[in-house]
Amino acid sequence: MSTPVPAVRAPGADTEAVQVATRVLGRGTRLPGWFVILWRNGKCRLGLLMLAGFVLVAIFAPVIGRYDPRDDDFDTSAGPSAAHWLGTTALGEDVFAQLVFGARTSLVVGIAAGLLCTVIGLVVGLTAGYLGGWLDEVLSFFINLGLVVPALPLMVTLAAYSPVRGLTLIILVISVTGWAYGARIKRSQIITLRTRDYITAARFAGDRTARIIAHEIVPNMTSLIVVGFMGAALGAIGGEAGLAFLGLGDPQTVSWGTMLNQASLGGALLSGQWAWLIAPGAALALLITSFTLINFGIDALSNPHLRED
Amino acid sequence: MNLFQPEPRGAHTPRPTLRSDEPQGEVEKGSMALLEVENLSVTYAPRDAPVTRAVQDVSFRIREGEFVGLLGESGCGKSTLGNGILRLLSPPARISGGRVVLDGVDLTGADEERLRGLRWTNLSTVFQSSMNSLNPVLRIEAQFAETFAAHRVGEEVGARVVELLRMVSLDPGVLRAYPHELSGGMRQRVALALALALRPRLVLLDEPTTGLDVVVQRNILDRLATLRHELGFAVLFISHDLGTVLEMADRVMVMYAGEIVEDRPAPDLVREAQHPYTRGLLGSYADPRSAEVRVSYIPGRPPDLSVEQPGCRFTPRCPYAEDACGQRRPELRPDDGGLVRCLVAQDGRLPRTPAGAGPGLPVFVGFPAAAGLDRSADPPPEQAVGDPVLLVDDVTKRYTTRRGLRTTSVDAVRGVSLALRPGRVTALVGQSGSGKTTIARLVTGVERPTSGQVRFTAADSTTEVRVDRLRGRALRDYRRHVQMIFQDPFSALNPTRTVGYALSRPLVNYHGLRGPAVRERAAELLESVGLAPAGQFLDKLPHQLSGGQRQRVVTARALAPEPEILIADEPVSMLDVSIRAEILELLGKLVRTRRLAMLYITHDLLSARLLADEVLVLNHGDLVEQGPTLEVVGAARDDYTRLLLDSIPNPFSAARRPG
């Protein structure tokens, strides 16, 4: 192992090794290699199971929730009972149904904003990193701007002054404020990858820039892209809850953030409706915990040494 | 004042001495063993791969002040053994048996705190890549200070550091520098100075000069020899480079497939190696100045150690193998002043070899003879003709860098002219920084010359292409005619793409092939570089191939567009010595059969001698010598060429060395 290979490779080389490892591991089973690595990690497995639970709840929300979350025909501000497991809101809606449907909103926002952030980050990062020069200077300026401007006040401002309200707006606002971090990481990664000999070789083989990026570079950074997506989704879920709690969410959608907002406005604390107050916060905390646990596994994915124990 | 006289030894750290309760009966010839390795085994047990015994039952001793070399191909367990001795193995590797005793202290049983005290004061190391072993954000000064502080050496640190740097011939000015501001050789000397900072008794050098060019290597090795003489530390020198090891070491251990197969004093090893593997390694060396140069290579690869090997592990590659070799495992037995692990040799049935290498080993495929590439005779007349396909005419390349308000310009290449002809290999020889790679970049159109011209004439046309004026699409079309073979076959292939994909790209882009025709042609290419049956290789990923196989794939890809010019930038320097000749043979054959014009860039005059028809020697951007290979190498006129030649480590000079 000593002779021809430099003893330690640049950090970028690791992500290449990851892609190879995931291919090799996937060979014996029907499962993809990355999944095998994630599943073997105890913390990550718990996180995956928790996330799967949330996804199932979100999909089967109408069955599990029993009531329409917008249906306000029940007693107002009732405590937990057999009919209403977590009680009802000040407007007479079922809290449990809202909680269950809220999972939908959180996951949709997480996935959509996560994807959007990743795509913006990928496009900006790859362009800046691969082409370099003045374009890199310009794009890096915007990346730095995005990193420096505090996200929450910007989100609040954008959401508060926008003429329209809706989930799409929330997703857009979160993406616009959250893409920069991923872009920065991808830019530095591509800078280490683009000087590899195989990129030069691809140019000598007559490949065009777009093809080189898509077929030679991107496959070597999938683990980084996945990590970026997870981080962005996590931030988006928190961001949506925050905006909604401040009353800047979409009034038409039930989400954990709007539930917290309503609980606060509806005097849950005064009427002693602990379940109404705690349930959405706890659900939010659990979802974020599941993402964090999954990230332990992703660490193992990008660092082969962590896989051994 | 020399702070490194032996007297004050032990002033800072109480040194453990060999205790009376240690077994002393087997200490050889009165001289105490400083390091004793007893039946050391190291096992790799990764989760996703079978268990591999990388080091198996290795026992040896190093006496106080002794210089021991450890030789072997990559993947033979040399570095694993070194890391095992240093206790630097990390999972999935672990010591699975045996012990390492340094001056009476059992390192295998010592806890981390104990080891921390011993490391550096008793046992230090220099790794191969000093760029990675020096902290990039600390000045050199701080790195020395850190080492001293960690071992509570307070007094006179400044004077000591200057003294250390003087020992490795570095100016005290480097103290203010960051690692990236130093050249590779300077960094490696800093690493050596750091390793010697606390006057250790044993220094483990793991490939300390691999990757440095010959002149720098020579410099460091000479320094090391002097220092060892002055300070009297013992050395375990791990390398795949037989030349340096044999030249430096008192005693050489040869490792193959996790076992020590031969152990004897260096001069004896050169004179009469007893293990066929050692002979094979020796065969890959020759003096480039000889009138006739032959090198041999060892076909095949080291065995897979996750599978139990019943007999001698070298059997499949051994030219002397007998039936018994495949069944009975040989022991490491004393033999003729050394130790050898070979049934045939132990029975005294191994044919004797004359001193020197190559010719005595007809059993290994001798490269020049077998390939009809014997450069001993004058060049065949029909190759001397042929119009040049590429002309570099009085080319200068100036790089201007601007730092603050000052601009500095460096001439990477000054007034160089050369011609590449079909079927001929032109070698460009020089140290790193001599402008070799700049010329390659000018020839490929990656860079434009500041002045001068690069002209290309395709074989089937008479129109000249001005390479120095190409841009965009025209440059892309030109690349069809000029292809590259890279230095590092490990980074020249995309790790996530199959061999078939890598080969398909030029075929699709330049020949417009589609569908099954691509695969068919890719298979043909693989077979033309000796990878047969091709079907077996097309769907492999690069990591499943050995270094030599990867370099063949890289070569096949370069051949795919059917270029007229092939640029090979150090194509064998990252490969094991045992297979370099194999790749050179392939390149030589391709050049002759396909009438390619090759620009062979190297710092290694031996390979240039074997492959090239013509040699150009570059020094700091100037062409200092030019002519037919035999003339330049055999009767060098320029001082710089002679310096390059003298810097080549020569194992056979060790035989002449007294002692």
Set the Förster radius R0 to 56 Å, insert the Cβ-Cβ distance between B:His511 and B:Leu115 as r into 1/(1 + (r/R0)^6), and round the FRET efficiency to 0.05. 0.40
What total accessible surface area, summed over both chains, is buried at the interface between chains B and A, computed with a 1.4 Å probe and given in Å² to the nearest 100? 3700 Å²
Got a sec? Which residues in the stretch A:279-302 would a label at A:Lys43 touch, if it sits 7 Å along Cα→Cβ and we count backbone N under 11 Å? A:292-300
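For the stretch B:63-164, what's the relative contact order in percent, using C-alpha pairs closer than 8 Å and at least 6 residues apart? Write down the numbers at each step before the final one.
Values: 34 pairs, mean separation 12.7, N = 102.
The value is 12 percent.
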Residues hit by the 20 Å² burial cutoff in the stretch B:543-574, accessible area with a 1.4 Å probe, assembly against chain on its own, are B:His543, B:Gln544, B:Arg557, B:Met574
Per-selection Kirkwood Rh - the protein assembly as shown (Cα, Å, 1 d.p.): 32.1 Å
So which residues of the stretch B:60-93 lose at least 30 Å² of accessible area, probe 1.4 Å, when you go from the chain by itself to every protein chain present? B:Ser74, B:Ser79, B:Pro91
Which value, in debye to the nearest 20, gives the size of the charge dipole of the stretch A:175-246 about its Cα centre, when Lys and Arg are +1 and Asp and Glu are -1 at the Cβ? 280 debye
extent check for chain B: Cα max minus min per principal axis, descending, whole Å, gives 86, 72, 50
Across peptide A:203-215, how many C-beta atoms of other chains are within 10 Å of each residue C-beta, on average? 5
Show the residues, 5+ positions off or on another chain, whose built amide H is closer than 5 Å to the amide H of B:Val624. B:Val617, B:Leu618, B:Asn619
Please give the Cα centre distance for the stretch B:475-489 versus the stretch B:507-521, rounded to the nearest Å. 18 Å
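Among the complete DSSP H segments of chain A, which ones combine at least 27 Å of alpha-carbon extent along their axis with a mean Kyte-Doolittle hydropathy of 0.0 or more?
A:95-131, A:222-245, A:274-302
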Ignoring solvent entirely, what values of log10 I(q)/I(0) come out of the Debye formula for the stretch A:184-309 at 0.11, 0.13, 0.19 Å⁻¹ when each Cα is a single scatterer? -0.61, -0.72, -1.01
Tell me, what is the percent relative contact order of chain A, built from C-alpha pairs under 8 Å that lie six or more residues apart? 27 percent
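Hull surface divided by four, with the convex hull built on the Cα atoms of the stretch B:150-255: how many nm²?
7.4 nm²
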Using the crude model of +1 on Lys and Arg Cβ and -1 on Asp and Glu Cβ, and no other charge, please compute the dipole size for the protein assembly as shown relative to its Cα centre, in debye to 20. 1380 debye
Could you state the number of Å between the C-alpha centres of the stretch B:74-94 and the stretch A:90-133? 46 Å
Per residue value of the accessible surface for the protein assembly as shown (all protein chains in place, 1.4 Å probe), Å²: 42 Å²
Output the residues of the stretch B:175-217 meeting this criterion: accessible area (heavy atoms, 1.4 Å probe) in the chain alone minus accessible area with all protein chains in place is 10 Å² or greater. B:Glu207
Suppose every K and R has +1 on its Cβ and every D and E has -1 on its Cβ; what is the size of the dipole of the stretch B:486-582 about the Cα centre, in Debye to the nearest 20? 380 debye
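Which value at 222 nm does the protein assembly as shown reach when only helices count, each DSSP H run of 4 or more adding -39,500 (n - 2.57), with the total divided by all residues and rounded to the nearest 500 deg cm²/dmol? Display every interim value, and only then the final one.
Numbers: 38 runs with 424 residues, N = 968.
Taken over the protein assembly as shown, the calculation gives -13500 deg cm²/dmol.
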What is the pair-distance distribution P(r) of the stretch B:441-512, computed from all Cα-Cα distances in 10 Å bins starting at 0, with each bin given as a whole percent? 16, 40, 32, 12, 0
Hey, got the average number of other protein chain Cβ atoms within 10 angstrom for residues in B:609-616? 0
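Average projected area of the Cα convex hull of the stretch B:392-443, in nm²?
Average of the hull's projected areas for the stretch B:392-443 equals 4.2 nm².
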Considering amide H positions built from the backbone, and no H for Pro or chain starts, which residues 5 or more places from B:Ile485, or on another chain, come under 5 Å of its amide H? B:Ile567, B:Ala568, B:Asp569
Highest mean first, how do A:32-38, B:259-265 rank when packing is the count of other Cβ atoms within 10 Å averaged over residues? B:259-265, A:32-38
In whole percent, the fraction of accessible protein surface over the stretch B:488-562 that belongs to carbon or sulfur atoms, probe radius 1.4 Å, stands at 49 percent
Label-zone membership for the stretch B:588-622, site B:Arg403, 7 angstrom Cα→C-beta point, backbone N under 16 Å: none
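Once you keep just the Cα pairs under 8 angstrom separated by 6 or more residues, what percentage relative contact order results for chain B? Before the final figure, lay out each step's value.
On the way: 1288 pairs, mean separation 89.9, N = 659.
The value is 14 percent.
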Can you give the average number of partner chain beta-carbon atoms within 10 Å of each beta-carbon in peptide A:193-201, as a whole number? 6
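Taking each pair of distinct Cα atoms in chain A once, what is the resulting Kirkwood hydrodynamic radius in Å?
Numbers: mean 1/r = 0.0464 Å⁻¹.
By the Kirkwood definition, the hydrodynamic radius is 21.6 Å.
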Of all accessible heavy-atom area on chain A, the percent that carbon and sulfur account for (1.4 Å): 70 percent
Expressed in nanometres to one decimal, the distance between label points 7 Å along Cα→Cβ at B:Arg333 and B:Lys540 is 3.7 nm
Let me see the pair-distance distribution of the stretch B:488-562: every alpha carbon pair, 10 Å bin width, integer percents in order. 23, 59, 18, 0
Distance between the C-alpha centers of the stretch B:572-606 and the stretch B:249-308? Whole Å please. 21 Å
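The values are calculated or read from the model by the stated rules, or taken from the named source; none is laboratory data. Keep in mind that what you see is a predicted model, and the values were worked out from it rather than measured. Glycine gets a Cβ as well: all are built from the backbone with ideal geometry, and neighbour counts include every protein chain shown. Quick note on the areas: whole protein, heavy atoms, side chains included, nothing else; ligands and nucleic acids left out. Shrake-Rupley method; radii C 1.70, N 1.55, O 1.52, S 1.80 Å.
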